[in-house]
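Enquirer: Structure incoming, see below.
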Amino acid sequence: MENKGKYYITTAIAYTSGKPHIGNTYEIILADAIARYKKADGYDVHFQTGSDEHGQKIETRAIEAGCDSPKEFVDGVAGEIKRIWDSMNTSYDRFIRTTDEDHVEQVQKIFKKFYDQGDIYKGAYKGNYCTECEAFYTDSQLEDGKCPECGGEVHYAEEEAYFFKMSKYADRLISYINEHPEFIQPVSRKNEMMNNFLLPGLQDLCVSRTSFKWGIPVSFDEKHVVYVWLDALTNYITGIGYDADGNSSDLYKKNWPADLHLIGKDIIRFHTIYWPIFLFALGEPLPKQVFGHPWLLQGGEKMSKSKGNVIYADDLADIFGVDAVRYFVLHEMPYDNDGVITWELMVERFNSDLANTLGNLVSRTVAMANKYFGGVITDENATADVDDDLKAVVSGAYKACEDKMDSLRVADALSEVFAIFKRCNKYIDETEPWVLAKDEASKPRLNTVLYNLCDSIMTGASLLHPFMPETAEKIAEQLNAPLRDFADLDKTGLYESGTKVVEKGEILFARKVVDDVLKQAAEVCEKQRREYEEAQEKAKINLEKAGVVKK
């Protein structure tokens, strides 16, 4: 495969306030599918993810959990985030933590650089503060007196703080966004940022706090800690070796600017307004694209521990398997609108797409090869007109998939892959191998039909690998053939004639009974509710012990 150059992709770093649910996990799976695809497609990929570990909320959560320090608390949660990311078979190159020494050092340097060049000044903040979102809001930004982001309570806060002069760079950012329509995707997010924030005029941003200590100290004024968003956003450059003194690493010079920041739509303001302005102030180029993906909703509503409706990736994987979870979240998320996850829908997709369309195709093919030819597949070139359409679908799938991936329509790209498997199933119905097997004179044709099936399935498996890596490798193992280079996916006839498939392939996806799954789900939800109630009781006791709340 030719080298198509570098490709640097990042996810938002997960906040360490608790275990990430399937909606959070969707982002890392989506990023992994893109990263794996780009790598297979000839790009030199660097993929970064991580955890965001500072702030007042973390300080409080640590007390609630009975930890001796916030660091002890974030060590545990960051470990859990990393465990779940790993369990989903994600192929990141670095898992950065904002408590990492190299990050801390650079954040302090960046803050000082901003101050020295006059971008930061000391003032005082008075306003409505949401602890949950770590953000101040004006009265006009509140919705029914509550936080516009999470809907939670806000309280009046007043403290000394450093501020960043956002207005200094606002016009430059407006021009940049207008000149680079691809920068913010989907376009609805761009319109929202321009109309709601940039065009009405930016307020200067509070970039330090004094009311808590769990953060990166401001090097020249240690009463202050760096505000969590300035700390967190800079991970995209510190994690690849940026140095504010001008001694950045070769990894940084090679990979920056990022090709894609993949984030949830709820934090797009921070990534498309604050972050670009910080980069302007540093004299660094902006990322090529920021994609604000939609949310994955449980039965049409946001997930809540108190409702007991939070779905976790590891619980789903215990029931369905890792690749089924990957398939579901990638397949069900539209480009621009929120997706819905329910246990019933998972079972429906599992049975129809994975067990029937894919799993049954592979098992039938392997079974027929063993039944009719002792497992040995030979191309006897006994062709028929029906072969041409199969080959056209298979050889055209890579281009169709490529077009969808280039525009980040990952669900549509996955559908293009499954179009191969659906066409193979239709081909079986058209050619009726069981009828051909009854006539000795038709054996050459039967052999060619099975050869075409194995050849087509291997193209499909190779294209499937970025999305469902374990499944693709199992298919290759059953058909006893290597996964193909993407450069060869527009060709047919690559399956080696005379190959012997396995004698009995394992069932890739055994059908699920919806009532059985719902029973398991109910047990999971009940356990979750109990754990939530116990944690709430423990938090109350620990807050009272620490004197944070009165008995």
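Enquirer: Restricted to the range 62-74, and to residues that are open to solvent by 50 Å² or more (accessible area, probe 1.4 Å) and in contact (Cβ under 8 Å) with a residue 12 or more places away in the chain, which residue is nearest to Gly215 (Cα to Cα)?
Expert: For the range 62-74, the residue satisfying everything is Lys71.
Enquirer: Do the conditions hold for Asp221, that is, is it open to solvent by less than 50 Å² (accessible area, probe 1.4 Å), in a loop (DSSP other than H, G, I, E, B) and acidic (Asp, Glu)?
Expert: yes
Enquirer: So for the range 94-104 (the condition being open to solvent by 40 Å² or more (accessible area, probe 1.4 Å), farther than 21 Å from Gly55 by Cα and under 25 Å from the mean Cα position of the chain (by Cα)), does at least one residue qualify?
Expert: yes
Yes/no per residue for (1) among the aromatic types (Phe, Trp, Tyr); (2) touching a residue at least 40 places away in the same chain (Cβ under 8 Å); (3) at positive phi; (4) open to solvent by less than 10 Å² (accessible area, probe 1.4 Å):
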site	(1), (2), (3), (4)
Gly299	no, yes, yes, no
Ala324	no, yes, no, yes
Tyr327	yes, yes, no, yes
Asp336	no, yes, no, no
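Enquirer: Could you grab me the full set of residues in the range 242-278 that are open to solvent by 20 Å² or more (accessible area, probe 1.4 Å), touching a residue at least 60 places away in the same chain (Cβ under 8 Å) and more than 20 Å from Gln185 (Cβ to Cβ)?
Expert: Matches in the range 242-278: Asp245, Leu251, Lys254.
Enquirer: Let me ask another. Anything in the range 508-523 that is of a type in the set (A, V, I, L, M, F, W, C) and either part of a helix (DSSP H, G or I) or surrounded by fewer than 12 Cβ atoms within 10 Å (Cβ to Cβ) (or both)? List them, or say none.
Expert: Answer for the range 508-523, where residues must be of a type in the set (A, V, I, L, M, F, W, C) and either part of a helix (DSSP H, G or I) or surrounded by fewer than 12 Cβ atoms within 10 Å (Cβ to Cβ) (or both): Val513, Val514, Val517, Leu518, Ala521, Ala522.
Enquirer: Moving on to the next point. With respect to Ala441, determine if the residue is within 33 Å of the chain's Cα centre (by Cα) and at pLDDT 95 or above.
Expert: no
Enquirer: Name, by its number, the condition in (1) closer than 24 Å to Glu496 by Cβ; (2) outside any helix (DSSP H, G or I); (3) open to solvent by less than 50 Å² (accessible area, probe 1.4 Å) that does not hold for Leu408.
Expert: With (1) closer than 24 Å to Glu496 by Cβ; (2) outside any helix (DSSP H, G or I); (3) open to solvent by less than 50 Å² (accessible area, probe 1.4 Å) applied to Leu408, the lone miss is (1).
Residue by residue, here is whether (1) touching a residue at least 24 places away in the same chain (Cβ under 8 Å); (2) open to solvent by less than 10 Å² (accessible area, probe 1.4 Å); (3) of a type in the set (Phe, Trp, Tyr) holds:
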{"residue": "Ile420", "(1), (2), (3)": "yes, yes, no"}
{"residue": "Asn425", "(1), (2), (3)": "yes, no, no"}
{"residue": "Asp429", "(1), (2), (3)": "no, no, no"}
{"residue": "Glu432", "(1), (2), (3)": "no, no, no"}
{"residue": "Ala437", "(1), (2), (3)": "yes, no, no"}
{"residue": "Leu446", "(1), (2), (3)": "yes, yes, no"}
{"residue": "Ser456", "(1), (2), (3)": "yes, yes, no"}
{"residue": "Ala461", "(1), (2), (3)": "no, yes, no"}
{"residue": "Pro466", "(1), (2), (3)": "yes, yes, no"}
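Enquirer: Residue under question is Ser211, and the condition is that it be touching a residue at least 60 places away in the same chain (Cβ under 8 Å), open to solvent by 50 Å² or more (accessible area, probe 1.4 Å) and either within 22 Å of Glu149 (Cβ to Cβ) or aliphatic (A, V, I, L, M) (or both); does it hold?
Expert: It is true that Ser211 is touching a residue at least 60 places away in the same chain (Cβ under 8 Å), open to solvent by 50 Å² or more (accessible area, probe 1.4 Å) and either within 22 Å of Glu149 (Cβ to Cβ) or aliphatic (A, V, I, L, M) (or both).
Enquirer: Of all the residues that make up the range 176-203, how many are at pLDDT below 90, in a loop (DSSP other than H, G, I, E, B) and open to solvent by 10 Å² or more (accessible area, probe 1.4 Å)?
Expert: 5
Enquirer: Could you identify the single residue in Glu503, Glu544, Glu526 that is open to solvent by 80 Å² or more (accessible area, probe 1.4 Å) and either in contact (Cβ under 8 Å) with a residue 40 or more places away in the chain or part of a helix (DSSP H, G or I) (or both)?
Expert: Glu503
The values are calculated or read from the model by the stated rules, or taken from the named source; none is laboratory data. For clarity, every value in this text was computed on a predicted model and none was experimentally measured. In this analysis, Cβ positions are derived from the backbone assuming ideal geometry, glycine residues included, and neighbour counts consider all displayed protein chains. The protein model used for the area step is the full one, side chains on, heavy atoms only, and it has no ligands, DNA or RNA in it. Shrake-Rupley method; radii C 1.70, N 1.55, O 1.52, S 1.80 Å.
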